[in-house]
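The values are calculated or read from the model by the stated rules, or taken from the named source; none is laboratory data. Remember, predicted model here, so these are calculated numbers, not experimental data. Every residue, glycine as well, gets a Cβ built from its backbone with ideal geometry; the counts of neighbours run over all protein chains shown.
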Ligand code: UDP
Ligand code: MG
């Protein structure tokens, strides 16, 4: 295989404190790989400004004017990290590259793992997934919820490894396949798993955020995980059917038992408390199930409108 042209995509949302340093550090990696003859010298960076309200875009413009290997695109508003990644992938597909790596703007992921990604690509893997060695830098809350999410996804039949991340390399082939998936809220971690292409895993260390604050909050993380579940598994819907059946069966048996007691023992069951508890429990379960169905209806609603995934304001190629 010829040495590849590598593109690195970086989603940026209000990253004025990080972006310059990040670009500099990534060029050190690119130049080292070029020197080692592992990638082509036209390998480049592709930044996606996800509607930042700070000076991120001004900095990007400056970087682009001093170095043409910094390419970029700007959204008209904030669409979220997944959309920025998708835009990056679509952008570099158009510009051209043999493989593409996505990495965060705060460079929390060890950027030197890119060399291992490229090695695995040269070994014939179409997808090289970065797996975090640990979650030392995450809060206890984020650690627990992330673990719960991956366990739940596995339980629901989407077998993505725990501590998976959006730090990965994908080949041109995977990029081309992506263009056939038109769903609006494409969940990349599930999608690349579902493609079933040859996948290698590379472990990397997680560092502290270089500067600034995390751009993810609880609501954004919940949205991401709910989208992951509803776009890749219908097991929760089946679960509701089974649950409903079991509850009906239970009600039927209790009913038969009550009639039996009345006829043969003349002993009508009483118990206000039991009635209230059962009412609340079953009422709660029903609302919970309607909520789950609602998530899927919401997913259908969002997809059926077929709105554009994002709107590009400008692009610097
Ligand atoms: N990000 C984005 N849009 C958003 C939120 C985040 O493009 O709405 C980018 C952000 O600039 C960074 C990456 O996604 O490059 C990961 O975000 P962050 O580091 O804040 O998340 P964390 O590491 O805390 O999970
Ligand atoms: Mg981060």
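Summary of values
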{"item": "Entirely in the range 183-294, the helices (runs of 4 or more DSSP H) that have 3 or more residues that are within 16 Å of ligand 1 (Cβ to nearest atom) and at pLDDT 85 or above", "result": "218-232"}
{"item": "Answer from 62, 71 - the residue that is over 23 Å from the mean Cα position of the chain (by Cα), away from ligand 1 (no atom under 16 Å from the Cβ) and touching a residue at least 60 places away in the same chain (Cβ under 8 Å)", "result": "71"}
{"item": "Listing of strands (runs of 3 or more DSSP E) fully contained in the range 9-109 that carry 2 or more residues being more than 25 Å from residue 180 (Cβ to Cβ)", "result": "44-49, 70-75"}
{"item": "Hits in the range 127-154 - residues which are free of Cβ contacts under 8 Å to residues at least 40 places away in the same chain and surrounded by fewer than 12 Cβ atoms within 10 Å (Cβ to Cβ)", "result": "139, 140, 141, 148, 151"}
{"item": "Matching residues, the range 17-50, being more than 27 Å from residue 125 (Cβ to Cβ) and within 15 Å of ligand 2 (Cβ to nearest atom)", "result": "17, 18, 19, 21, 50"}
{"item": "Considering residues of the range 203-216 that are out of contact with any strand residue (DSSP E or B) (no Cβ under 7 Å at 6 or more places or on another chain) and over 18 Å from residue 85 (Cα atoms) only, the residue nearest to ligand 2 (Cβ to nearest atom)", "result": "209"}
{"item": "The range 25-36, residues that are under 17 Å from residue 106 (Cβ atoms) and touching a helix residue (DSSP H, G or I) at 6+ places or on another chain (Cβ under 9 Å)", "result": "26, 29"}
